[in-house]
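The next block holds one structure in the form of structure tokens; read it before the comments.
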Amino acid sequence: MKKLYEADLYEPIRKHFIKQGYRVNGEVHDCDLTAVKDDSLIIVELKLNLNIDLLLQATRRQRLTDLVYIAIPKPKRISRKRWNDIIQLIKRLELGLIIVSFAGNRKSVEFKVHPEPYKRMTSKNTRKKAALIKEIEGRSADYNIGGSRKTKIMTAYKENCIQIACYLEKLGQMSPKALVALGTGEKTPLILQKNYYNWFERVQRGIYVITEQGKKELEDYPELVEYYLAGLKTEN
């Protein structure tokens, strides 16, 4: 396929608006394409890739008219999730999106989004919000660095496991009920049964101990161990 230029997007879009009865011009006061009919002014900004510069350019054009489109060639490879996120962003910016496809000598224009006032959702995703708040409240402190990648993240679930392991190491074998009474939470039985980190061992029905692996790995969390043991002394 021959190399594309921004100018290659112009002609198929121009023809589309002419068919709709618009008077079309290119490069007017730095606008890539303008289309006028009666009192309606449409501005289209052309780019080979959708990037921040294109979005900034388009939002500046909104000072002139509410009918601003961005136009790009049809993306070759893009995940559905990312594409949906892009569409959502364009809608939030109250812009329009035109996709131009090239198949041999044939060029087609598809309007994916039209510029219109964005209807902000009046109700948030309450389930996801509740899960987020629950995770925040389940953490005793901030042990993670925002923006970190490829590092172990301290979650509320792991903190809960550390708390249970601390109590088992300090007090010896215990039942889930006894641990819950010390404040380890209602998920304690499930955590012990699932044993995700291999820190726990059932020695008899309803009775658990901490494993050697659990004792060793607790050494990686001295701050949390100190925090939970201090809390244990306070309760006692």
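From the list Y227, Y157, Y167, Y208, the lone residue that is surrounded by 12 or more Cβ atoms within 10 Å (Cβ to Cβ) and not in a helix (DSSP H, G or I) is Y208. Residues in segment 92-135 that are surrounded by 10 or more Cβ atoms within 10 Å (Cβ to Cβ) and free of Cβ contacts under 8 Å to residues at least 12 places away in the same chain: N125, K129, A130, A131, L132, I133.
With respect to the conditions (1) over 17 Å from V113 (Cα atoms); (2) surrounded by 17 or more Cβ atoms within 10 Å (Cβ to Cβ), R63 lacks only one, and its number is (2). In segment 20-29 there is at least one residue matching the filter, namely being surrounded by 17 or more Cβ atoms within 10 Å (Cβ to Cβ) and among the aromatic types (F, W, Y). Scanning segment 182-205 for residues that are in a helix (DSSP H, G or I) and among the charged types (D, E, K, R) yields a single hit, K194.
Quick note: the coordinates plus some simple rules give every number you see, no bench work behind them. Small disclaimer: the values here were computed from a predicted structure and weren't measured. Please note: Cβ atoms are built from the backbone with ideal geometry, for glycine as well, and neighbour counts cover all protein chains shown.
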